[in-house]
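The structure under discussion appears below in the form of structure tokens.
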Amino acid sequence: MRWISNVRLPRAARCSHGADQRWRVGVDAEGWIAAVERIDAGSSAAGDDWQGDWLSPAGVDLQINGGLGLAFPELSPADLPRLLELLELLWRDGVEAICPTLVTCGIEPLRQALAVLEQARQQHRPGRCQLLGAHLEGPFLHPDRRGAHPAHHLAAPSPAALAERIGGFEEQIDLVTLAPELEGAEGVIQALRERGVVVSLGHSTANEGQAAAAFEAGVAMVTHAFNAMPGLQHRDPGPIAAAVLQGDVALGLIADGVHVAPSMALLLLRLAPEQVVLVSDALAPYGLGEGRHRWDERLLLVQDGSCRLEDGTLAGVTLPLLEGVRRLVRWGGLAERAIAAATVTPRRVLGDQRDPATMLVGTPLGETLRWRLAPDQGSSPELTWRRAA
């Protein structure tokens, strides 16, 4: 057994007690993690001394819309080779698994995309990001908060409208974003929860009371917090306040510094570190250069990693998921919380309630991530990552 010592693990707890706990990691002859054990502070346990670097599972992205020019709602069988290439790019970018996100689109394109995604799942292999169940972002969204979603494809929520879209693909859906205040949404939420699908509040006009009622009814997440919903106001707290007070509702966060100001992103991470889930919200130009790109029939303008429609509507990003971790730390967030938000907490949203140590046991060391925080020399701290070895 090879041992690695003086390791830290990602941690999202509000309490600072135990924040500097050190661990040692046992790796067997085949390179798999066989043990993760606590060690006392200042221990001189034998092994490779990591000097306080963090060890985490790889990233999980619950909201990513495409990449390498592919938009997931537009997938056709001919796109399969490039889709597999995208999954290899995501693996190189430190992402182990994604919920491919299908924004509001027509019924037939949606069903075709789900079929192509299933074909790609069947071709999974090492060195390729895993396709989890899809994330349907729409079509049951409020028209006033639709953002970049095409209005003509929005639909009133009903079990029949849901079945028309996902009938036969029910086992391939992990997450659905909807506006819970819409008439008929309650029945859709119930139907999804009965299938084990995570329901998220998004593109919504819900006030604090409506959001709290939705969370009580089983809505378990907020999609891209602060965006396409009422803000956090002192006399009109809105859905963010309701989610934080609920305590167990995941808060999806795009940490590019544009969708949410750095100060507000840090505020959310301090208010609810156990709830924040980093998402990329990456669009089709992810992995390509900046400039002008097509998105369905529309033009997408990419500059500094942000994507906008021609009318200025913010549509998404082209930044990798783990870049959001680095930016949170650069802005002043605690590294152990930021790392957990992209690696541990997304797994919990999908039902994996294990602690980080238990998650790591049984994983090849080479598939995990090693994080190092550069010493602060008067400038913003820099967090870097690489595959562990």
(message) Name the single residue that is surrounded by the fewest Cβ atoms within 10 Å (Cβ to Cβ) among those in the stretch 270-287 being over 20 Å from THR177 (Cα atoms) and not hydrophobic (A, V, I, L, M, F, W, C).
(response) ARG270
(request) Would you point out which residue out of GLY351, GLY289 is more than 22 Å from GLU96 (Cβ to Cβ), in a loop (DSSP other than H, G, I, E, B) and not hydroxyl-bearing (Ser, Thr, Tyr)? (result) GLY289
(message) With farther than 30 Å from PRO262 by Cβ, over 17 Å from the mean Cα position of the chain (by Cα) and not hydrophobic (A, V, I, L, M, F, W, C) as the only criterion, which of ARG165, ARG235 stands out?
(response) ARG165
(message) Please count how many residues of the stretch 297-318 are under 23 Å from the mean Cα position of the chain (by Cα), modelled with pLDDT under 85 and loosely packed, with under 14 Cβ neighbours inside 10 Å.
(response) 2
(request) Inspect the stretch 344-354 for any residue being crowded, with 23+ Cβ neighbours inside 10 Å, in contact with a Lys or Arg (Cβ under 7 Å, 6 or more places away or on another chain), within 17 Å of ALA272 (Cβ to Cβ) and not aromatic (Phe, Trp, Tyr) and give the result as yes or no. (result) no
(request) For LEU102, state whether it is of a type in the set (A, V, I, L, M), part of a helix (DSSP H, G or I) and either surrounded by fewer than 16 Cβ atoms within 10 Å (Cβ to Cβ) or at pLDDT 95 or above (or both). (result) no
(message) Condition check: surrounded by 12 or more Cβ atoms within 10 Å (Cβ to Cβ) and in a strand (DSSP E or B). Does ALA12 satisfy that?
(response) no
(request) State all residues of the stretch 1-43 that are modelled with pLDDT of 95 or more and β-branched (Val, Ile, Thr); if no residue qualifies, say none. (result) ILE4, VAL7, VAL25, VAL27, ILE33, VAL36
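For every residue, the table says whether it meets (1) part of a helix (DSSP H, G or I); (2) modelled with pLDDT under 95; (3) of a type in the set (Ser, Thr, Tyr).
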| residue | (1), (2), (3) |
| --- | --- |
| VAL188 | yes, no, no |
| GLY196 | no, no, no |
| SER200 | no, no, yes |
| GLN210 | yes, no, no |
| ALA228 | no, no, no |
(request) May I ask you to verify whether GLU274 is within 15 Å of the chain's Cα centre (by Cα) and not polar (S, T, N, Q)? (result) yes
(message) For the structure I just gave you, tell me whether GLU186 is within 21 Å of ALA242 (Cα to Cα), acidic (Asp, Glu), surrounded by fewer than 17 Cβ atoms within 10 Å (Cβ to Cβ) and touching a helix residue (DSSP H, G or I) at 6+ places or on another chain (Cβ under 9 Å).
(response) yes
(request) Identify the residue in the stretch 195-237 that is on the phi > 0 side of the Ramachandran plot and in contact with a Lys or Arg (Cβ under 7 Å, 6 or more places away or on another chain) and, among all such residues, is surrounded by the fewest Cβ atoms within 10 Å (Cβ to Cβ). (result) GLY218
(request) Please name all residue pairs, on different chains or six or more residues apart, with Cβ atoms under 6 Å, provided the first residue is in the stretch 335-355 and is not assigned by TED's automatic domain parsing to the domain that holds ALA19 and the second residue is of a type in the set (Ser, Thr, Tyr) and not in a loop (DSSP other than H, G, I, E, B). (result) ILE339/SER56; THR343/SER56
(message) Any residue that is part of a loop (DSSP other than H, G, I, E, B) and of a type outside the set (Gly, Ala, Ser) - is there at least one of those in the stretch 319-330?
(response) yes
(request) Among what's in the stretch 157-183 and is part of a loop (DSSP other than H, G, I, E, B) and not aliphatic (A, V, I, L, M), pick the residue that is surrounded by the most Cβ atoms within 10 Å (Cβ to Cβ). (result) PRO180
(request) Working carefully through the options ASP61, ASP93, ASP49, ASP40, find the one that is under 30 Å from ARG22 (Cβ atoms) and without any contact (Cβ under 8 Å) to a residue 24 or more places away in the chain. (result) ASP40
(request) Output the qualifying pairs, or none if there are none: Cβ atoms under 7 angstrom, residues six or more apart or on different chains, first residue in the stretch 254-277 and more than 15 Å from ALA243 (Cβ to Cβ), second residue acidic (Asp, Glu). (result) ILE254/ASP281
(request) For ILE173, state whether it is in contact with a His (Cβ under 9 Å, 6 or more places away or on another chain) and under 23 Å from VAL279 (Cα atoms). (result) yes
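The values are calculated or read from the model by the stated rules, or taken from the named source; none is laboratory data. This structure is a prediction, so every number in the text was calculated from the model and none was measured. All Cβ positions, even for glycine, are placed from backbone atoms using ideal geometry, and neighbour counts span all protein chains on display.
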